[in-house]
Amino acid sequence: MLRFNSLLIGALAATVSAQTQVTVNAGTTYQTMDGFGFSEAFGQASNFPNLGTGGSNPQGQALDYLFSKTTGMGATILRNRIPENIESSNPGCPTCTPNYSAGAWNGQDEGQVWFTQQARARGVKYVYADAWSAPAFMKTNNNATNGGYLCGTTGHTCSSGDWRQAYANFLVHYLQLYKNLGITIDFLGAWNEPDYTTNYSSMLSDGTAAASFFPYIRSTMDSNGFTNVGFVCCDAVSWSTTKTMIAQIQAAGAEQYLSRVSTHAYGGQPTTPLSTSKRIWETEYADLSDPWVTTWYSNGGAGEGMTWALDIYNALVGGGLSGYLYWWGGCLNADNSCLLRLVGTGNSATVTPSGRLWAFGLYSRYILPDSVRVGTSGAPSNTKVAAFKNTDGSIAVVMLNTNTATQSVSVGINGVSVSSGTAYYMSNSVSSISTLSSSLSGGRLTATLPGWSMVTFVLKSGTSTGTTSTASTTSRTTTTTTSIRTTSIATGTGQCSALYQQCGGIGWTGPTCCSGSTCKFSNDYYSQCL
């Protein structure tokens, strides 16, 4: 009998624990998000105009896969390459007038002009233009390839002189070329992988040398009307190098010139915090070794969708990143260097998305620019959870189930009833982002996570439940609160808030509503008697 009771208690406990409650704590805030994206550098952008617009419209399919918020990835950041050959002729000295007419600019920019126009038309918020190298004659090795340093930066002198101002002029000229075409560039970078020497366009630097260039580029952008363009540095190969470079930039007193800090992840993932007040982007990473796969999950391979879902999660939560970009969006390659494989041209071309694209989509579609990562509590076993509050008030809750078995979850928001919600997912059972069955009860959304799946819950809140959370922010987040004058009325049992006055919110210690009105949620920091 004792054994039977023990088994019964164990079974009841298993039943109770079978569903895990996950609660969003919107008052606990972390980094502000910019978005997700990719590049079409080195001529990949020129492949898209060659796709047909008749028949099944492969060109439209490709662009939808990359930019649509309903049928594709929903990218919000595009990274372009600034080719050094737009000024290929040495003018003779750093202060001599540059001869751009001899350069390679033809108004197409290796297809990037057309592609950027398409991206903007389809909702991309940020365009980031980045140079791999300065023109050869501005560098210590007199070569656009094989490394070399920018002449005049700290520790790197050249007999031809100091080319820092000339390089700043060159970069701003590129901004002007796009402006003349009606295209705004939002962010500008001067280095790509400055910790790596290679036989294609490349330029070396450490943080100290880079910092000595920052005042030149900032003042040149400002004096030419590009005050709203942010400067980004330094797209290093690895996270460890980025940490070192930023420390050197800070030591030089030059962090003030940066709008964003950028890194790649080939030599190490950005999974640990970086000491900076700037938003951080991972601007290039891909599986460059394996043959093309569309797989969501098999064995944790480098090109699988679930692998990338986890990589992005670890960067956002562990590294505090605000942006995450793949290498190429679409390409003709038969490997995993892109998210979308293009085969052929014209109306007979085929366009095939990968599981990696859908992993990006479950972030990018629902975690919108200017959203803020917020706190959560509770998580099923071997399941990663993160939440993001969008500016429209909706909350995206990402869950990654790394179990073979399913997991039942109930998702809610601390102090607020969920009024509506939808769950979107990817697993081996579907070929693209699909809607997961869910139910709303008691102000919470309930669903079952498939094995080896990524699920994004999009929640909208209703009325306050009368409980609040305590705000806690990281050093990289600034919270602004407004003092609200309230009116309270003395009653036989104490104070109460009058009609239209405050009755709740994060940090609220005042009274609740007087009889005849109800405390209604307005936002995390303010509920009102109505």
| request: Look through G60, G92 and report the one residue that is part of a helix (DSSP H, G or I) and free of Cβ contacts under 8 Å to residues at least 24 places away in the same chain. | output: G60
| Taking segment 434-462 as the search range and keeping residues that are under 17 Å from N390 (Cα atoms) and of a type outside the set (A, V, I, L, M), which one is surrounded by the fewest Cβ atoms within 10 Å (Cβ to Cβ)? | G462
| query | Residues L325, L310: which one is farther than 28 Å from F213 by Cα, in the same structural domain as N80 (by TED's automatic domain parsing), crowded, with 16+ Cβ neighbours inside 10 Å and among the aliphatic types (A, V, I, L, M)? | reply | L310
| request: Please give the number of the condition Y424 fails out of (1) buried (at least 23 other Cβ atoms within 10 Å of the Cβ); (2) in contact with a Phe, Trp or Tyr (Cβ under 8 Å, 6 or more places away or on another chain). | output: (1)
| message | Quick test for you: out of G268, G230, pick the one residue that is closer than 18 Å to S39 by Cβ and within 20 Å of the chain's Cα centre (by Cα). | response | G230
| message | Looking only at residues that are among the aliphatic types (A, V, I, L, M) and part of a loop (DSSP other than H, G, I, E, B) in segment 64-89, which one is farthest from W114 (Cα to Cα)? | response | M73
| said: Any residue in segment 344-358 that is more than 17 Å from L325 (Cβ to Cβ) and of a type in the set (F, W, Y) sitting within a Cβ distance under 8 Å of a residue that is modelled with pLDDT under 95 and surrounded by 15 or more Cβ atoms within 10 Å (Cβ to Cβ)? List the pairs, counting only those 6 or more apart or interchain. | reply: none
| query | Looking at segment 114-138, which of its residues are under 23 Å from S262 (Cα atoms), in contact with a helix residue (DSSP H, G or I) (Cβ under 8 Å, 6 or more places away or on another chain) and part of a helix (DSSP H, G or I)? | reply | F115, T116, A119
| Residue identified as within 28 Å of P369 (Cα to Cα) and small (G, A, S) among G52, G74 | G74
| query | What do you reckon, is A209 touching a residue at least 24 places away in the same chain (Cβ under 8 Å) and small (G, A, S)? | reply | yes
| task | Could you tell me whether any residue of segment 233-246 is modelled with pLDDT of 95 or more, under 25 Å from E110 (Cβ atoms), buried (at least 24 other Cβ atoms within 10 Å of the Cβ) and touching a Leu at 6+ places or on another chain (Cβ under 9 Å)? | result | yes
| said: Quick check on D370: is it more than 30 Å from K278 (Cβ to Cβ) and either of a type in the set (F, W, Y) or touching a residue at least 24 places away in the same chain (Cβ under 8 Å) (or both)? | reply: no
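The values are calculated or read from the model by the stated rules, or taken from the named source; none is laboratory data. None of the values given here were measured: they were computed from a predicted structure. All Cβ positions, even for glycine, are placed from backbone atoms using ideal geometry, and neighbour counts span all protein chains on display.
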